[in-house]
Each structure stands twice: as C-alpha cells, then as structure tokens.
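The structure under discussion appears below in the form of structure tokens.
The values are calculated or read from the model by the stated rules, or taken from the named source; none is laboratory data. Because the structure is a prediction, the values reported are computed rather than measured. Here Cβ is always computed from backbone atoms with ideal geometry, including for glycine, and neighbour counts include all displayed protein chains. Areas reflect the complete protein model, heavy atoms only, side chains present, ligands, DNA and RNA absent. Shrake-Rupley method; radii C 1.70, N 1.55, O 1.52, S 1.80 Å.
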Amino acid sequence: MAILPNPKFTDDIQHVVEVMKNGDNWLIVTHERPDGDAIGSALAIAHILEQLGKKWTFLTETVLPRRFDYLEFFGKAQLASHFAGERFSHVIAVDCADEMRFQGLHGWIANQATIVNIDHHRTNPRYGMANYVDADAAATCELIFYLAQQLQQPMQQSLAAALYTGILTDTAGFIQPNTTKAVHQIAAELLAAGVQPYDIAEPALESRSAAQMHLLQMALANLTVSRNGLYAAIYVTRGMLDGAGANDDDVEGLVGFARSIDTVEVGMLFRETEEGTVKVSLRSKRRVDVSRVAQQFGGGGHVRAAGCVIMDTLDIAMDKVSAAIEAALVEAGLA
C-alpha cells in the first residue's frame, strides 16, 4: 500500500472542494510570466474541473513558454488580450501570492466574484472566499495533489504530469531546501501514475534555445561577486535581450548561476523591463531570508526565493538591493 503524506489544513481543503463543486463555469488565473509551478497548477486545476464536469477557461497575460507544451491542455490557454467572452463570477487563482499578481486579468473578473485562492507563498493574505494556503509546501502543485486526493479523483497520467512539472521546477529538480519527505512521496505516486521523469525534466529544466544561450553568455560576462564572496549579481538590459534575440522568459533561471558560486549565500538577478523598471530575483542557500529583503521593496516570495520590482535605474536598483543584502548577511551572522 502506498505511503502518502498527511496534508495540513484539511478544513481549508474541504472548503475549497465545496466551493468548486458549487460553481459551473470557472476562470483559471495565475501570476504574470508563469513558471513551471504556475502552469502546472493551472493545468492541473483544469484537469480536476474536467473530471468534475465543470466548464473552465485559462487566461494568461502573455504567451506561455513553449518548453511546457508537452502538457495536456497547454494549447487551450488563451491570451487575455484576445479573449472576447464575458466576465467570470467564479475564479480559481493558483500560485498567486496576492491579487496584484494577476492584476492584468482583473478586467475579466466580475465584481464580488467568488475567488478560490490556492498558493504556497508565505506573504499570501488569504484574499479568496476559499483559501488553501500552506507556506511549507514546496509548490502549489503539492497542494493541488492533496486537493485531487480529497476529491477522490483518479490520478490520470496527464494530471500527474502537470503536478510533477510544478513540483520538479519549484524544487529545481529536487535539490532545493524545500525538497521534503512529502515531496518525494508525492513524486513516487505521480511516477506510479505514468509520469516518465526524463520526459518532463528535459524540456522543463534542461532545454534552452540558442537565443537563451547567447543571453547567458552575455549575462555571465557581467557577473560580479562581492568582496567577501557572500553575494553575487547578474544583470540583463533591454539591449542585451535585443542583441541575443531573446525575450523576458529567456531570463528565467539565470539567477541560479550567481547563486551557484561556492562561497555565495545570495544570488541576485536584475532585469530591465519594457516599462522602465527593474525586476529583481533573489535566491539564497541556507541562512538569508530573501523574502524579507524583497518585502523592503514591495515584493515578496519564499524564504529562499523571492523577488520585487524597483522603479529606478539599473545602477541604483543594484546599489539599493546590494545594501539590503549586506544588512541581511550581517543579521544572519555571516558578515
């Protein structure tokens, strides 16, 4: 008999189940520029709604990264800018730390809409009518696995692939500190349902376009390490993106190269946006809570992975965040 972890917040799960069963036409949303967990979560919810006999629409602000096109229902995601339907009174938000994370989709959400909020960010204020939020979960897909269990739905291979994608990517291939015993137990269940690990790991984690590799080459050329070796930074300008023939999605993952230096505790990535702001990604190894640093600049996230947007020039943004990281290192007793 399979050994499965026991989910927390079972009352919250049951509340989500009851609300989902009461709605017949659902809008699925996730955060802007969705990653593997966001996409996996959204498509896993689509599978669950299908099995419940519910209608659903998955709207996105931007085109989804092609590396996830192996997932069933991937092609049914619709760009909000092209959507001509009516506003929805029932919404499921996945992997969104707050309502601002899907701000660009608010125009398709009716006033007083029923919102189901499923997320694993520590800063989530529980903005939904029904909330299933667990900051200790490795990925939102981990929570949706428990939701499928509560619904006693069969673990079809296509649903398992979506869930495995989210867990695999948010643990960076099961190497991050959020990789728990429960994560491995769930992964084993998903493999038993027919998931082939390499068929997901290769496109989700390893595959890079030539443009992305060119951008990586350019970005590594500006890699800087602090004098004490405890933090490192990489930046990407709009000119670099244009020169590499890359897009904003190609920037994902670059912060890991700064973090991977043996002496470094915190890796930072700074990216100029089309709006003239600077998007900051922060990753730490063991001691620094980067979500607290991100919150200083209006952002948030997880203890070991967080981000924010700074309305300033690239140079000033790098100076501000570097100063905050230095203070965090001192507070952690590392500097």
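Some values worked out for this structure:
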{"read-out": "Residue selected from the range 1-34 under the condition aliphatic (A, V, I, L, M) and assigned to a loop (DSSP other than H, G, I, E, B), by the criterion surrounded by the most Cβ atoms within 10 Å (Cβ to Cβ)", "value": "Leu4"}
{"read-out": "Subset of the range 106-138 that is in contact with a Ser or Thr (Cβ under 7 Å, 6 or more places away or on another chain) and of a type in the set (A, V, I, L, M, F, W, C) - its residue that is farthest from Ser41 (Cα to Cα)", "value": "Ala110"}
{"read-out": "Conditions (1) open to solvent by less than 20 Å² (accessible area, probe 1.4 Å); (2) free of Cβ contacts under 8 Å to residues at least 60 places away in the same chain; number of the one not met by His184", "value": "(1)"}
{"read-out": "Some residue of the range 65-72 being basic (Lys, Arg), modelled with pLDDT under 95 and either under 17 Å from the mean Cα position of the chain (by Cα) or open to solvent by 50 Å² or more (accessible area, probe 1.4 Å) (or both)", "value": "yes"}
{"read-out": "Count - residues of the range 120-144 that are open to solvent by less than 10 Å² (accessible area, probe 1.4 Å) and either in contact with a Cys (Cβ under 6 Å, 6 or more places away or on another chain) or among the aromatic types (Phe, Trp, Tyr) (or both)", "value": "1"}
{"read-out": "Residues within the range 224-235 that are open to solvent by 70 Å² or more (accessible area, probe 1.4 Å) and free of Cβ contacts under 8 Å to residues at least 60 places away in the same chain, tallied", "value": "3"}
{"read-out": "Conditions (1) closer than 30 Å to Val251 by Cα; (2) out of contact with any strand residue (DSSP E or B) (no Cβ under 6 Å at 6 or more places or on another chain); number of the one not met by Val29", "value": "(2)"}
{"read-out": "Residue within the range 263-273 that is surrounded by fewer than 23 Cβ atoms within 10 Å (Cβ to Cβ), over 24 Å from Met100 (Cα atoms) and at pLDDT 95 or above present", "value": "yes"}
{"read-out": "Set Arg283, Arg259, Arg238: member being open to solvent by 50 Å² or more (accessible area, probe 1.4 Å), at pLDDT 95 or above and under 23 Å from Asp37 (Cα atoms)", "value": "Arg283"}
{"read-out": "Residues (in contact (Cβ under 8 Å) with a residue 60 or more places away in the chain, β-branched (Val, Ile, Thr) and either crowded, with 19+ Cβ neighbours inside 10 Å or more than 27 Å from His120 (Cβ to Cβ) (or both)) located in the range 290-335", "value": "Ile325"}
{"read-out": "Any hit, the range 172-192, residues being touching a helix residue (DSSP H, G or I) at 6+ places or on another chain (Cβ under 8 Å) and among the polar types (S, T, N, Q)", "value": "yes"}
{"read-out": "Some residue of the range 311-325 being assigned to a strand (DSSP E or B) and in contact with a Gly (Cβ under 9 Å, 6 or more places away or on another chain)", "value": "no"}
